[in-house]
1. Please work out the Cα center distance from segment 95-123 to segment 1-49, rounded to the nearest Å.
2. Could you tell me the ratio Rg/Rh of the chain? Both radii from Cα atoms, Rh via Kirkwood.
3. Given contacts defined as C-alpha pairs under 8 Å and at least six residues apart, what's the relative contact order of the chain, whole-number percent?
4. Have a look at the DSSP beta bridges in segment 1-71 and tell me what percent are antiparallel, nearest 5.
5. Run through the DSSP bridge list for the chain and note the antiparallel percent, rounded to the nearest 5.
6. Could you check what % of the DSSP bridge pairs in segment 6-128 are antiparallel, to the nearest 5?
7. Would you mind ranking Thr85, Thr65, Thr230 by Cβ crowding within 10 Å, fewest neighbours first?
8. Give the average over all directions of the projected area of the C-alpha convex hull of segment 6-128, one decimal, in nm².
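Nothing in this text is a laboratory measurement; each read-out follows from the coordinates by a stated rule. Being a predicted model, the structure only gives us computed values, none of them experimental. Quick reminder, even Gly has a Cβ in these numbers, built from the backbone with ideal geometry, and neighbours come from all protein chains shown.
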Amino acid sequence: MSIQPSVLIVEDEADITELLRFALQRAGFEVRTAQSLSEAQQSLKAVLPQVVVLDWMLPDGDGATWLKTLRADERSRHLPILMLTARAQETDKLQGLDNGADDYMTKPFSPKELVARINSIMRRSAPQHVATSTTFKDCVLHDDDLALQKGGVRETLGNTEFKLLKYLLTHPDKSYTRNQLLDFVWGDHVYIEERTVDVHVLRLRKILQRFELEAYLETVRGVGYRWRSTLPSSPN
């Protein structure tokens with residue numbers, strides 16, 4: 001007999017909770033619920049689910065801030081989390097994703113799409129449970145704490161900048177369009193504008209400057225971006 005994957009719904013509206021419960025149980029999930037952050041904290045303290053569906057506006061605080069706390073905790077650092085909220089502005093989506101959400105959906109929503117996104121998150125997140133590091137150009141990119149290090153210089157990256165750098169590092173010398181990076185880094189179910197990539201590339205460049213690595217992140221005119229494994233030789 002297979003074990004049902006578990007999901008924790010953190011939502012204070014009873015009708016939405018029941019809609020989610022019905023859709024997720026029908027899709028084969030074991031469902032637990034919490035109506036507040038304090039209830040959610042107690043639930044996670046008892047046992048971690050396979051995925052969390054998290055509302056933003058809750059009676060005792062906001063989910064986006066709590067999300068940052070979860071990502072700072074070793075135990076919940078890699079817990080797959082989908083934010084489900086009425087906050088639909090692009091700035092809200094960016095904040096949710098920057099704070100560590102794996103995906104972001106707005107209300108009203110399609111229960112079938114939500115189940116599809118949860119399954120996608122779980123597939124993408126599975127390899128992240130093993131902490132690894134990537135070594136390049138005398139630097140180390142640490143998966144466990146999202147830090148870039150060179151000798152005694154160490155800087156923690158934002159969640160999105162980390163994922164962007166990790167993807168480019170592991171796929172060097174290939175040009176990617178902004179649209180492709182949105183799919184590969186943010187996930188193919190996240191609907192945000194292409195210019196969002198430029199914002200995060202700019203943030204990443206500022207970090208890379210400290211490590212004298214900014215030249216490796218190349219803008220490919222008319223295409224997008226690529227990470228160069230080597231730099232061209234200077235002319236004599």
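1. Answer, in whole Å: 14.
2. For the chain, the value is 1.01.
3. Details: 336 pairs, mean separation 29.5, N = 236.
Relative contact order comes out at 12 percent.
4. Values: 2 of 11 bridges.
Looking only at bridges with both residues in segment 1-71, the antiparallel portion is about 20 percent.
5. Working: 19 of 35 bridges.
DSSP beta bridges in the chain are roughly 55 percent antiparallel.
6. On the way: 2 of 18 bridges.
Just about 10 percent of them are antiparallel.
7. Values: Thr85 22, Thr65 12, Thr230 9.
By the 10 Å Cβ count, ascending, the order reads Thr230, Thr65, Thr85.
8. Values: hull surface 27.0 nm².
Mean projected area for segment 6-128: 6.7 nm², to one decimal.
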